[in-house]
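The values are calculated or read from the model by the stated rules, or taken from the named source; none is laboratory data. Predicted model only: the values in this text are computed from it and were never measured. Ideal geometry is used to build each Cβ from the backbone, glycine not excepted, and the neighbour counts take in all protein chains shown.
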Amino acid sequence: MAESTLDARQDARPTAGHVTLERVNTPPAQTWNYLRANDITLTVPVHSRKGDVFFALPRLFEGVECGMGPTVTAWAESQAKDAHYVEVKAGEKRKEPIAAQEDTGVMVRAGAEATIVICTQPDGPVQDTTAALVRVIAERGARVHLLEFVCGGSDQRLDSVGIVADEDARIDVRQFFLGAGTTAAGLAVALDGNRARLDLTCRYLGREQDILDINHVVRQRGRNTHCDVRESGVLDGHAKKSLRATIDLVHGSSGSEGAELENVLILSDDVTNKTMPVILCDEDDVAGNHGASIGSVGPEQIQYLRDRGLSMQEAEGLYVRALFDEALICAPTPQTRAAVLARATDVLGSEVANDLVDGLGLRDAEEV
Amino acid sequence: MSNQLLRVSGLSAGTEDKPILHDVSLAVGAGETHVLMGPNGAGKSTLGHVIMGDPAYQVSSGTIEFDGKDVTEDAADKRSLAGIFLSYQAPVEVPGVPLYSYLRTITQKRPELKMTARKFRARVGEIADQLDMGSSFLTRELNVGFSGGEKKKIEMLQLLLLRPKLAILDETDSGLDVDALSVVSRGIETYRADCDGALLVITHNTRILERLKVDRTHVMVQGHLVAEGPASLIDSIDEHGFEQFEKASAVAGGERA
Ligand SMILES: Nc1ncnc2c1ncn2[C@@H]1O[C@H](COP(=O)(O)OP(=O)(O)O)[C@@H](O)[C@H]1O
Ligand SMILES: [Mg+2]
């Protein structure tokens with residue numbers, strides 16, 4: 001609810017014109033220049049802020065690296081009405097998810113647990129551009145679940161997220177980039193404290209003329225940190241996807257391990273799929289498998305599905321349906337479920353979309 | 001003999017550069033239980049996959065008939081819908097597809113099994129209980145990160161859900177601990193009792209057969225079916241191994257060369 005009023009308010013403000021954000025969403029090391037996919041340039045609206053008095057986040061958040069980079073941070077800060085600051089007290093297990101808005105900072109104190117949700121609003125008039133800038137500080141031993149649902153509602157969507165994790169903090173992030181149009185999303189996670197841990201899953205769908213530009217940066221600075229990054233998605237039509245995934249094993253991160261793996265299913269010859277996995281390593285004693293690899297849905301998977309009665313097309317369609325099933329399974333609030341469902345209805349039709357909801361027993365739960 | 005459910009006649013098949021099966025003939029009647037044994041590398045799994053219609057293998061001669069129709073040229077999904085089910089020796093991991101989405105999709109595909117989502121959930125829950133599976137597995141990715149035993153249970157879950165006319169169980173018992181083995185055996189019994197389906201059981205282990213009434217036993221060596229007999233043939237293999245048949249196969253191979 002809060003978000004839709006916010007969007008309406010944003011709409012009501014006069015647009016003073018547009019500005020170009022040059023070469024944003026960049027990876028730490030630009031080693032893949034020949035692919036020409038190191039960044040994206042976006043034209044975004046600017047609203048006049050003359051005379052506004054607004055609330056900014058505590059200074060501490062200025063130090064949090066955000067995935068889309070400082071240019072986007074500056075633009076998003078200048079456009080957000082008020083920054084939204086939430087603090088979860090030490091040891092508190094906060095049940096109610098925190099709905100992150102345009103410019104949000106969340107402080108999760110030592111030993112606390114919180115769920116943070118970023119979600120677009122697919123109903124209502126389609127906007128030109130929407131954005132979220134979300135910064136999170138997870139103190140020692142904190143547990144943070146961050147859920148990101150991009151399900152449409154604007155032609156262009158920017159999500160820039162930064163998380164800093166102190167000792168023994170555990171972060172899990174689930175991203176669902178399912179919307180139409182352009183989605184540019186950057187996530188930077190700093191595992192600063194010893195034994196800090198990140199589990200990141202990212203699911204994406206690109207169809208028609210969609211553009212997906214994803215930047216994942218994990219800085220492993222503490223000792224014995226652990227990160228596991230899994231991306232997978234389906235690309236169809238003329239979709240263009242660039243994924244930059246960097247695991248940076250900084251000097252001093254001894255005993256740390258990081259792994260990244262992407263699986264992509266490509267359903268059309270007109271798809272442009274670029275993936276740039278990079279492991280930066282300035283530390284000898286990084287244990288285990290810190291490898292990056294690109295997988296794809298192979299003939300064994302397809303054959304298994306065909307052996308159980310699905311045609312080639314149905315097997316491929318299952319992967320698309322699965323994206324929405326998974327998003328619904330993870331969606332923690334009626335609002336996020338509605339957003340996923342609205343998008344599922346667009347993509348899969350209402351019969352299948354309703355089947356998702358019925359099948360997962362969500363309808364029953366919602367009615368009660 | 002025309003009342004056979006599955007009839008494989010003079011089947012030779014292999015990969016592009018390697019013949020694996022040679023002149024294989026075998027027939028399974030509706031509701032019968034057959035056992036296929038043979039040393040590692042004999043071609044048992046290949047036979048299962050060729051009957052299922054895996055395009056990784058090419059049929060160079062012979063035919064496969066199922067339920068009165070020649071299916072030799074049919075795609076795997078068509079054979080599946082006709083009622084053939086192959087439980088994989090090593091079930092494939094399918095990242096990106098939650099088990100729930102998968103089960104729902106393969107069930108809705110079959111007109112005779114179509115049901116409301118609510119009924120479907122109840123049905124899956126019931127089978128999962130029979131197989132001692134808990135419920136959290138439904139939201140996990142298909143076969144990803146499951147133990148060997150769990151993967152075999154997921155195959156059994158599909159068997160009971162899809163109710164095929166013929167189930168080919170490729171070493172469903174291998175690598176299972178005692179508990180998992182008894183759960184899986186019970187699953188097979190339930191399939192026999194509820195669906196009156198036919199079975200072609202590929203196994204090295206006679207334990208899984210203890211609770212089944214075996215109608216026929218086939219022995220494969222080096223891509224040839226070298227012996228066929230009653231259930232008692234299993235005991236003889238248990239005692240003497242495959243050597244007796246390997247010699248026969250060497251002779252057969254020699255004659256061919
Ligand atoms: N897809 C394949 N590509 C190449 N060789 C294969 C393939 N499938 C089976 N084979 C070969 O065919 C022979 C029979 O294998 P298989 O059918 O798995 O035997 P079994 O199940 O009896 O142990 C083996 O030598 C195996 O290596
Ligand atoms: Mg085998």
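In the set B:A42, B:A30, B:A90, only one residue is of a type in the set (G, A, S), within 16 Å of ligand 2 (Cβ to nearest atom), away from chain A (no Cβ under 13 Å) and within 18 Å of the chain's Cα centre (by Cα); that residue is B:A42.
Is it fair to say A:L146 is part of a strand (DSSP E or B), without any contact (Cβ under 8 Å) to a residue 40 or more places away in the chain and surrounded by 18 or more Cβ atoms within 10 Å (Cβ to Cβ)? So A:L146 passes the test.
Just one of the listed residues (A:I329, A:I294) is at pLDDT below 90 and outside any helix (DSSP H, G or I), and it is A:I294. Sub-6 Å Cβ pairs linking a first residue in region A:16-32 that is acidic (D, E) to a second residue that is modelled with pLDDT under 90, at least 6 apart or interchain, number zero. Among the residues making up region A:75-126, those that are without any contact (Cβ under 8 Å) to a residue 40 or more places away in the chain and among the acidic types (D, E) are A:D82, A:E87, A:E92, A:E96, A:E113.
For beta carbons closer than 6 Å, sequence separation of 6+ or different chains, a first residue in region B:157-182 that is among the small types (G, A, S) and a second that is away from ligand 2 (no atom under 15 Å from the Cβ) and not in a helix (DSSP H, G or I), the qualifying pairs are B:A167/B:F85; B:A167/B:G197; B:A167/B:L199.
I'd like to check something: does region B:7-28 contain any residue that is of a type in the set (S, T, Y) and not in a strand (DSSP E or B)? No: zero hits. Would you be able to tell me the number of residues in region B:21-64 that are among the charged types (D, E, K, R), closer than 26 Å to B:E189 by Cα and more than 9 Å from ligand 1 (Cβ to nearest atom)? Here the count works out to 1. Is it the case, given these coordinates, that A:D346 is away from chain B (no Cβ under 13 Å), at pLDDT 90 or above and on the phi < 0 side of the Ramachandran plot? Yes; evaluated as a whole, the condition is true for this residue. Scanning region A:206-230 for residues that are among the charged types (D, E, K, R) and either without any contact (Cβ under 8 Å) to a residue 40 or more places away in the chain or in contact with a helix residue (DSSP H, G or I) (Cβ under 8 Å, 6 or more places away or on another chain) (or both) yields A:R207, A:E208, A:D210, A:R221, A:R223, A:D228, A:R230. Checked against (1) crowded, with 22+ Cβ neighbours inside 10 Å; (2) in a strand (DSSP E or B), A:V72 meets all criteria but (2). Within region A:164-187, the set of residues being part of a strand (DSSP E or B) and touching a Gly at 6+ places or on another chain (Cβ under 8 Å) comprises A:V164, A:A165, A:F177, A:A185, A:G186, A:L187.
Number of residues in region B:162-189 that are of a type in the set (S, T, Y), within 16 Å of ligand 1 (Cβ to nearest atom) and at pLDDT 90 or above: the value is 1. Condition check for B:S135 on (1) away from ligand 2 (no atom under 16 Å from the Cβ); (2) within 17 Å of the chain's Cα centre (by Cα): one failure, at (2).
Note on region B:201-223: residues that are part of a strand (DSSP E or B) and within 16 Å of ligand 2 (Cβ to nearest atom) amount to 6.
If the condition is being under 14 Å from the mean Cα position of the chain (by Cα) and more than 13 Å from B:N205 (Cα to Cα), then region B:158-186 contributes B:Q158, B:L159, B:L160, B:L162, B:R163, B:P164, B:K165, B:L166, B:A167, B:I168, B:V184.
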